[in-house]
Amino acid sequence: MSKIAAFAELKASIIRTILVRRITLGVFSAISVVVLFIGGVSYLNPLFYAPVVWFLLTFPFKILIERQRTTTALHWAHSGFFVAEIALITVLVHWMGGSEWLGSVFYLFTVIYANFFLPRLHGALITGLVVAFYAGLVLLEYAGIIPHRSLFHLQTEPYQSLTYNLATILAATAGVYAVVAFTVRTFTAIYARKNRLLAMRERQLGEMSRQLLYAQDDERRRVARELHDGLIQSLAAIKLRAVTARGDSDLGSDPAMMEMVDRAIDETRTLAYSLRPPLLDDLGLVPSLRRLGETIEAQTDLSVTIEEDLPSRVDVAIESLLFHVAQQGLQNVVNHARAKNVSIDLSCSDGWIRLAVADDGIGFRAGEPQGLGLRGIRERVEVCGGRMSIETSPGRGARVLVEVPSGEYTPTDR
């Protein structure tokens, strides 16, 4: 996801939670009305107007959020609102009895929201401020620096007061639990939406990656065809012209030049084959791997063994991918392994095609940085939704295993 899209998603999520805040504060306001009506508490009691003031605070907060244009500014604006909210809650808690009646509970949603939306450092800062503000209020009341105010003026023990019990049951039990449940459900919905968007983007990326592999295969096929049908034919024509040449230069009698032309033809043919072997399109992966093994054996001292259990053709992009994985794996063995024998195992089961390249060379430490060849294999495999693993240790060779999802065969003239 781009930075612009991520910023827009973050802002939209915060704005959606403003509605959640208003709903939760509305629930508290409704509960307070019930308590006031049943318990005969005065309308000047902060139990009634505290959630209303808190509710009104959300309106400038929404305007502040909508005006931000960067993620950093958005986080700082959000943090500033939380600080203002903490200060307001502390004042309200003071008027509602401080530590005497549920004071610490009213900071709960500030802490939840801050640690859900803000970066870790900002969330820790807000949490620390909550503790500091509430502890400071309690200690100031305890020291007598500020007067203590009681929410309820009771003539009996609290547990014998209907007003106290109703306020505690409705606000502290039913109200808090209901709001917590609603908030959790809201956050769950936010995560579910993000997961759906992520899954959709992953599907789009997978489709784009497959189309990219098709495009790469087409380009390789085109270049290989041009090399074979163009450059090789031109070199062959030069050789023929040189053989039949007459005159003072006597080109046909120069064996060194003939050898150079033959070498150029062989090298061009090898390059064209390495880009895209014709067998891969005509007969499939297994014959192409056997031809690749024969070429490696002819050019080096390696003994190449190929074992396969592939019942039918698979998707052309997968065939191309596995061929180039085997090609790169064999090249790594030739360049680095100092091996005598190498095997290629190809199998298909449970909807996965597995290709393993194993050698008896010097191996390497599993934690060592991987070269460009292995990193290139891993990236191509993961783009196709597959996975790669390496088993190796010094002196015991190496085994590179690639697993990719199988697909229906798609002909090259699609």
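What follows is calculated from the coordinates using simple rules that are stated; it is not laboratory data. Remember, predicted model here, so these are calculated numbers, not experimental data. Methodologically, a virtual Cβ is constructed for each residue, glycine included, from the backbone with ideal geometry; neighbour enumeration extends over all protein chains shown.
Rounded, prolate or oblate, given the Cα gyration tensor of the stretch 103-230, with a/c below 1.5 counting as rounded? Let's see the in-between values first.
Numbers: a/c = 12.34, a/b = 3.24, b/c = 3.81.
Oblate shape, in that a/c is at least 1.5 and b/c is the bigger or equal ratio.
What is the dipole size for the chain, taken about its Cα centre, with +1 at each Lys and Arg Cβ and -1 at each Asp and Glu Cβ, in debye to the nearest 20?
Values: 41 positive and 41 negative charges, 408 e Å.
I would put it at about 1960 debye.
Report relative contact order for the stretch 283-414 in percent, whole number only (criteria: Cα-Cα under 8 Å, sequence separation at least 6). Intermediate values should be presented prior to the final figure.
Working: 241 pairs, mean separation 34.2, N = 132.
In percent, rounded to a whole number, it is 26.
Take every DSSP beta bridge with both residues inside the stretch 283-414 and express the antiparallel ones as a percent of the total, to the nearest 5. Numbers along the way, then the final one.
On the way: 22 of 29 bridges.
Bridges in the stretch 283-414 are about 75 percent antiparallel.
Convert 25 °C to kelvin, take the viscosity as 0.890 mPa s, use the Kirkwood radius over C-alpha pairs of the stretch 283-414 as Rh, and evaluate the Stokes-Einstein diffusion coefficient in µm²/s, rounded to a whole number.
Values: Rh = 15.0 Å.
The estimated diffusion coefficient comes to 164 µm²/s.
Ignoring everything except DSSP H segments at least 4 long, calculate the 222 nm mean residue ellipticity for the chain; use -39,500 (n - 2.57) per segment, divide by total residues, nearest 500. Intermediate results must be reported in sequence, preceding the final value.
On the way: 13 runs with 256 residues, N = 414.
The per-residue figure over the chain is -21000 deg cm²/dmol.
Can you count the Lys pairs in the chain whose Cα atoms are under 21 Å apart, with each pair 8 or more apart or on different chains?
Details: Lys3/Lys11; Lys3/Lys194; Lys11/Lys62; Lys11/Lys194.
Taking the Cα cut-off of 21 Å, the pair count is 4.
With P(r) over Cα pairs in 20 Å bins from 0, in percent defined as stated, name the option among (1) 24, 55, 19, 2; (2) 19, 29, 21, 20, 9, 2, 0; (3) 20, 46, 29, 5, 0 computed from the structure displayed.
(2)
Charges only on Cβ, +1 for Lys and Arg, -1 for Asp and Glu: so what's the dipole of the stretch 3-206 about the Cα centre, in debye to the nearest 20?
Here the size comes out at about 1220 debye.
Along the charge dipole of the chain, Cβ charges K/R +1 and D/E -1, which of Thr183, Leu121, Ser32 sits furthest on the positive end?
Ser32
Given Leu162, Ala50, Thr72, which one lies farthest toward the positive end of the charge dipole of the stretch 3-206, if we put +1 on the Cβ of every Lys and Arg and -1 on the Cβ of every Asp and Glu?
Thr72
Note the full-extension length gain between Asp350 and Asp282 as 0.36 nm times their separation in residues minus their Cα-Cα distance, in nm to one decimal. Write out the running numbers ahead of the final one.
Working: separation 68, 0.36 × 68 = 24.48 nm, distance 2.63 nm.
So the extension gain works out to 21.8 nm.
Explain nothing, just the number: dipole magnitude of the stretch 290-347 about its Cα centre with +1 on each Lys and Arg Cβ and -1 on each Asp and Glu Cβ, in debye rounded to the nearest 20. Mind showing how you got there, number by number?
Working: 5 positive and 9 negative charges, 44 e Å.
Value, rounded to 20: 220 debye.
Just Met388, Met260, Met208 to compare: in a GNM of the chain, with alpha carbon springs under 10 Å, which one fluctuates most?
Maximum fluctuation in the GNM of the chain, among the listed residues, is at Met260.
Taking K and R as +1 and D and E as -1, what net charge do the other residues with C-beta under 9 Å from the C-beta of Asp360 add up to?
Values: positive: Lys340, Arg396; negative: Asp359.
Here the count lands on +1.
Work out the charge dipole of the stretch 283-414 with +1 on the Cβ of Lys and Arg and -1 on the Cβ of Asp and Glu about the Cα centre, then indicate which of Val404, Gly376, Leu302 is farthest towards its positive end.
My answer, from the dipole projection, is Gly376.
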